[in-house]
Amino acid sequence: MSKNASAANLHTQGKAAVSRTAERAQRGEPPLPQDTAAEAAAAKYSQNQSAANVFNKERAAEEKKRNAEAAVDAAAEGGDEEAQAEAAAELASRKAAHAEAAEAADAQRKKHKEG
């Protein structure tokens, strides 16, 4: 079983454990130890997926910023002032989006280091 498949399986088992724990709580019974462990594994999986999403967004924003920079260069070579202005506006937008994504990724890295 691949690493991703086993992680997804842990997540699925964790969701089932949450349901069983809720049912047991309604009956006034304590959670089973294996369910508690499965819930913890599912929570860890979810945290890891969230972190991966943040880093993927940062990489995508970086790539879009580079593409916008290339568009500015191409417009400058073409000499079309309107195209240059549009490309510059797009680049400014992409730089802002990248800065926001990089800030979120830095916060995630810091959180990961601390805990």
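Within the range 24-36, is even one residue surrounded by 12 or more Cβ atoms within 10 Å (Cβ to Cβ) and under 28 Å from the mean Cα position of the chain (by Cα)? Give the steps one after another, and end with the answer.
Step one: of the range 24-36, the residues surrounded by 12 or more Cβ atoms within 10 Å (Cβ to Cβ) are 24, 31-32, 35-36.
Restricting the remaining residues to those that are under 28 Å from the mean Cα position of the chain (by Cα) gives 35-36.
There is at least one residue in the range 24-36 that is surrounded by 12 or more Cβ atoms within 10 Å (Cβ to Cβ) and under 28 Å from the mean Cα position of the chain (by Cα).
Within the range 42-61, the set of residues being farther than 20 Å from Glu114 by Cβ, touching a residue at least 24 places away in the same chain (Cβ under 8 Å) and open to solvent by 30 Å² or more (accessible area, probe 1.4 Å) comprises Lys57, Ala60. Out of Lys65, Lys95, one residue alone is open to solvent by less than 60 Å² (accessible area, probe 1.4 Å) and over 30 Å from Gly14 (Cβ atoms). It is Lys65. Considering the range 100-115, the residues that are at pLDDT 90 or above and either surrounded by 12 or more Cβ atoms within 10 Å (Cβ to Cβ) or over 15 Å from the mean Cα position of the chain (by Cα) (or both) include one that is farthest from Ala60 (Cα to Cα), namely Asp106. Considering the range 1-50, and only residues there that are among the small types (Gly, Ala, Ser) and not in a helix (DSSP H, G or I), the residue that is modelled with the highest pLDDT turns out to be Gly28. Candidates in the range 74-92 are the residues that are more than 30 Å from Ala107 (Cβ to Cβ) and surrounded by 13 or more Cβ atoms within 10 Å (Cβ to Cβ); of these, the one that is farthest from the chain's Cα centre (by Cα) is Asp80.
In this structure, is Val72 β-branched (Val, Ile, Thr), without any contact (Cβ under 8 Å) to a residue 40 or more places away in the chain and under 26 Å from Ala97 (Cα atoms)? Steps first, please.
Working: β-branched (Val, Ile, Thr): yes; without any contact (Cβ under 8 Å) to a residue 40 or more places away in the chain: yes; under 26 Å from Ala97 (Cα atoms): yes.
When the stated conditions are applied, Val72 passes them.
The values are calculated or read from the model by the stated rules, or taken from the named source; none is laboratory data. All of these numbers come straight from a predicted model, not from anything done at the bench. Using ideal geometry, Cβ is built from the backbone for each residue, glycine included, and neighbour counts are taken over all protein chains shown. Areas reflect the complete protein model, heavy atoms only, side chains present, ligands, DNA and RNA absent. Shrake-Rupley method; radii C 1.70, N 1.55, O 1.52, S 1.80 Å.
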